[in-house]
Amino acid sequence: MTSSEQIFNTLVLPYLNHAVRTYESGYASVTDIDAAMRFGCGYPKGPLTVVDEIGVAQVRDLLAERYAETGDHLHQPADLLEKLAAEGRTFADEAAAAAGGAAPEFKHEIAKVGVVGTGTMASGIVQVFAQAGYDVVYVGRSQEKLDGVVGYITKNLDRAIAKGKGTEEGKAELLGRLTGATTREALADVDIVVEAIAEDLELKLELFRDLDRIVKQGAILATTTSSLPITKLGEATARPGDVIGMHFFNPAPVMKLVEVITTPATSAEVDETTRALTAKVGKVGVSAGDRSGFIVNLLLFPYLNDAVKLAEGGEELATIDAAIKETAGFPMGPFELLDVVGNDVSLAIQKELFGEFGEPGFAPAATLEAKVAEGKLGRKTGEGFHTY
Ligand code: 3HC
């Protein structure tokens, strides 16, 4: 029987180390890494704040113990932990040294928003923009799929009304701002398009070529892809400067994070407007470059994959879920979250990360592969790691 503390050390310490290395590599700031995990995953604190609280030297020592046991490079304390411990500095000091930067401003007028897709993410994104007062045109392949978006939003609004957090009038107004369409031509005059169609490069390339043909010049073309190269989507158009990533989290109406992903071609104005828009719709934006996993998935999925490997060693799923919620304060245990995200999505992301970084420790857990092969994808199929 493993103690909660051992489960924390096995799953959470490597995640903290990974966060330190992500900062150390210059990919994202201390503030953005911490905000990403708080607002994207509902964690009570960001990983670098947690390192400060445990103590930089203590985290280094605990990792060194783990590294001595496993020999896994991912458990070897990051050089920066050594450095900060030696200098008596913290991540809060690093963040303070980098503080500054004015709030982003709109460089484009955004009045009308387009969304492409009718799945869970697209439906949530339509709700987010309409809730913020924007007129939204959303495009799907059939009337039935368009009705599904209205059904999803209606269900959420009804739940809010039942809790006394909304009114029938407010719901009618919000739904009145939505226009569904089964042809992309309806997007001709929108100021920004956010696409949330299937995570398939060929499909997205075809869509971006079409958006380039249809949508007015000067509009922003955004994708909520979590794993495909946004640079390639930009290159599929004659206006790569207007192409950017807006990575929302599941469930989009609830999770407050948007990762704003610029490619080398994205213009500074498009970046700033997208960050201003993110704030306007009540979300917290963090900035990162076009690389597999961005911030959140890079830090989240290796931890989820480690949890599957720990269970393969004989640990009970419920024990791991409970230990993580108790010791780390995460809102869901790893298996509960895997079932929400979907094992197919999780496996695809883990494969991307393994491909991009080549870390042996990122190799997808055998059980994750097996769950997908058996069609046990999570809540959406009634069974994943847990049964629903
Ligand atoms: N749609 C809309 N609203 C929802 C919802 C949904 N699917 N699920 C819950 N809500 C709302 C509820 O109505 C409630 O609203 P209120 O506070 O205004 O009353 C609020 O969210 C809290 O819901 P509950 O009290 O029912 O449930 P919990 O307190 O258990 O919170 C949770 C649910 C917010 C989902 C929380 O468990 C959480 O933060 N989980 C972590 C989720 C996470 O990590 N997501 C990121 C996954 S990775 C990803 O998306 C990246 C991609 O690339 C794969």
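The values are calculated or read from the model by the stated rules, or taken from the named source; none is laboratory data. Worth saying up front: this structure is predicted, and the values here are computed from it rather than measured. All Cβ positions, glycine included, derive from the backbone under ideal geometry; neighbour counts span all protein chains shown. What goes into the accessible areas is simple: the full protein's heavy atoms, side chains included, and nothing from ligands, DNA or RNA. Shrake-Rupley method; radii C 1.70, N 1.55, O 1.52, S 1.80 Å.
Overview of values
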{"read-out": "Lone unmet requirement of (1) open to solvent by less than 50 Å² (accessible area, probe 1.4 Å); (2) under 22 Å from residue 339 (Cα atoms); (3) assigned to a loop (DSSP other than H, G, I, E, B); (4) modelled with pLDDT of 95 or more for residue 218", "value": "(2)"}
{"read-out": "Subset of region 169-204 (residues that are in a loop (DSSP other than H, G, I, E, B) and either within 15 Å of the ligand (Cβ to nearest atom) or exposed (fewer than 11 other Cβ atoms within 10 Å of the Cβ) (or both))", "value": "183, 196, 197, 198, 199, 200"}
{"read-out": "Among residues of region 114-165, those that are within 21 Å of the chain's Cα centre (by Cα) and not in a helix (DSSP H, G or I), counted", "value": "7"}
{"read-out": "Members of region 1-45 found to be farther than 20 Å from residue 325 by Cβ, of a type in the set (Phe, Trp, Tyr) and not in a helix (DSSP H, G or I), listed by number", "value": "27"}
{"read-out": "Any hit, region 99-106, residues being under 29 Å from residue 224 (Cα atoms), outside the structural domain of residue 191 (by TED's automatic domain parsing), surrounded by fewer than 18 Cβ atoms within 10 Å (Cβ to Cβ) and of a type in the set (D, E, K, R)", "value": "yes"}
{"read-out": "Single condition residue 35 does not satisfy, out of (1) over 19 Å from residue 329 (Cα atoms); (2) open to solvent by less than 60 Å² (accessible area, probe 1.4 Å)", "value": "(1)"}
{"read-out": "Subset tally (residues that are more than 12 Å from the ligand (Cβ to nearest atom) and surrounded by fewer than 19 Cβ atoms within 10 Å (Cβ to Cβ)) for region 320-352", "value": "4"}
{"read-out": "Complete set of residues in region 249-277 that are open to solvent by 20 Å² or more (accessible area, probe 1.4 Å), within 14 Å of the ligand (Cβ to nearest atom) and not aliphatic (A, V, I, L, M)", "value": "250, 251, 253, 256"}
{"read-out": "Elements of type helices (runs of 4 or more DSSP H) contained in region 243-334, each with 2 or more residues being aromatic (Phe, Trp, Tyr) and in the same structural domain as residue 32 (by TED's automatic domain parsing)", "value": "296-312"}
{"read-out": "Residue that is farthest from the ligand (Cβ to nearest atom) [pool: residues in region 227-240 that are over 20 Å from residue 296 (Cβ atoms) and open to solvent by 20 Å² or more (accessible area, probe 1.4 Å)]", "value": "238"}
{"read-out": "Filter pass, residue 166 being surrounded by 18 or more Cβ atoms within 10 Å (Cβ to Cβ), more than 27 Å from residue 234 (Cβ to Cβ) and in contact with a helix residue (DSSP H, G or I) (Cβ under 8 Å, 6 or more places away or on another chain)", "value": "no"}
{"read-out": "Filter result (within 23 Å of residue 91 (Cβ to Cβ), open to solvent by 70 Å² or more (accessible area, probe 1.4 Å), modelled with pLDDT of 95 or more and not aromatic (Phe, Trp, Tyr)) within region 62-75", "value": "65"}
